[in-house]
Each structure stands twice: as C-alpha cells, then as structure tokens.
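Undergrad: Take a look at the following structure, please.
The values are calculated or read from the model by the stated rules, or taken from the named source; none is laboratory data. Quick caveat, the model's predicted, so the values are computed rather than measured. Here the Cβ positions follow ideal geometry from the backbone for every residue, glycine too, while neighbour counts run over all protein chains shown.
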C-alpha cells in the first residue's frame with residue numbers, strides 16, 4: 001500500500017496532518033492547507049450562479065495569495081461550436097476554465113458548484129491540484145448530503 005504514495009503525495013498528506021483541523025471550516029482548511037504547502041497562486045473555477053460567493057472567496061483569499069477566478073461561461077462557446085447542431089446557446093466551458101487557470105500557473109484550484117461532469121473535465125484538465133468547496137445541488141440548497149439523508153429516511 002505504501003508504494004501508492006509518491007513523495008508529492010506524502011507532502012500533501014503531511015500538510016493535511018499539520019495544517020487542517022476539525023475545528024476549522026472548509027474555507028479555513030483550504031487557506032491553511034495552501035499556506036502549509038507554500039502555494040502562492042490559487043484559482044477559483046465557479047458556476048456563474050455562484051459569482052457572488054466566488055467574489056467573497058476571492059476577496060478573502062487575496063489577503064494571503066494571488067487569486068484568479070473564472071466562471072463557467074468563459075469563452076462564450078456555443079452548443080453548435082462544441083456539440084454540433086444549430087443551437088447557439090452558450091455552454092459551460094470547464095476545459096476552458098482549467099486552461100485559463102493553467103495559464104495563470106495556479107498551484108491549487110477550487111471548484112465551486114460546477115455541474116456533474118463539468119467538474120470532472122475541469123479536474124482532469126487542470127494542471128494544479130483541485131479541491132471542491134461545494135457542489136451544485138439546487139434541490140437541496142447546494143447540500144448534496146441532504147440527498148443521502150433523504151434516501152436514508154426514505155423520503156427521496
């Protein structure tokens with residue numbers, strides 16, 4: 001099992017051990033972890049629905065890091081351009097978000113409310129490590145844990 005952990009993975013595990021705490025909220029943990037890793041540039045990839053929250057997070061983290069944000073409609077790609085057909089509806093652009101942050105040479109990217117599938121494309125395309133701050137779940141006020149509670153309580 002130990003052979004699964006590269007030196008870089010061990011460095012991440014150590015930073016988690018040293019700089020995160022069950023007494024800290026997720027935002028504080030991300031900040032403390034990034035400081036412990038000596039990161040200087042953080043990216044935030046977010047759904048446009050969460051633009052106000054992304055601004056609050058950027059303002060907060062900018063006290064400690066260079067922070068770059070990019071929303072899901074970056075590049076204004078149309079359905080016709082990406083998936084074909086004739087529809088000119090603007091699609092989300094998770095690969096473009098990752099490319100934007102890759103060009104900023106971010107060391108840690110935060111995914112904020114990206115759609116299922118889009119989050120996967122973003123994570124796979126990002127050169128930096130990716131952590132999720134929260135996941136989109138409109139039916140449960142962006143709390144996917146509620147869906148599990150509903151299943152458990154058989155109210156789903």
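Undergrad: Can you tell me which residues in segment 102-113 are buried (at least 20 other Cβ atoms within 10 Å of the Cβ) and either over 19 Å from residue 52 (Cα atoms) or free of Cβ contacts under 8 Å to residues at least 40 places away in the same chain (or both)?
TA: Listed by number, the residues that qualify are 106, 108.
Undergrad: A further question on this structure: Is it true that residue 68 is out of contact with any strand residue (DSSP E or B) (no Cβ under 6 Å at 6 or more places or on another chain), surrounded by fewer than 21 Cβ atoms within 10 Å (Cβ to Cβ) and within 21 Å of residue 128 (Cβ to Cβ)?
TA: No; evaluated as a whole, the condition is false for this residue.
Undergrad: Here is a further query. In segment 124-148, which residue that is free of Cβ contacts under 8 Å to residues at least 12 places away in the same chain and either in the same structural domain as residue 28 (by TED's automatic domain parsing) or assigned to a loop (DSSP other than H, G, I, E, B) (or both) is surrounded by the most Cβ atoms within 10 Å (Cβ to Cβ)?
TA: The extreme case among them is 137.
Undergrad: Something else about it: So residue 116 clears everything in (1) in a loop (DSSP other than H, G, I, E, B); (2) at negative phi; (3) touching a helix residue (DSSP H, G or I) at 6+ places or on another chain (Cβ under 9 Å); (4) surrounded by fewer than 19 Cβ atoms within 10 Å (Cβ to Cβ) except one condition, right? Which one?
TA: Failed condition: (3).
Undergrad: I've got another one for you. Suppose we filter segment 86-101 for residues that are under 18 Å from residue 66 (Cβ atoms) and buried (at least 24 other Cβ atoms within 10 Å of the Cβ); how many remain?
TA: Of the residues in segment 86-101, 3 are under 18 Å from residue 66 (Cβ atoms) and buried (at least 24 other Cβ atoms within 10 Å of the Cβ).
Undergrad: Of 109, 102, 88, which residue is assigned to a loop (DSSP other than H, G, I, E, B) and either over 14 Å from the mean Cα position of the chain (by Cα) or farther than 12 Å from residue 47 by Cβ (or both)?
TA: Matching residue, one of 109, 102, 88: 88.
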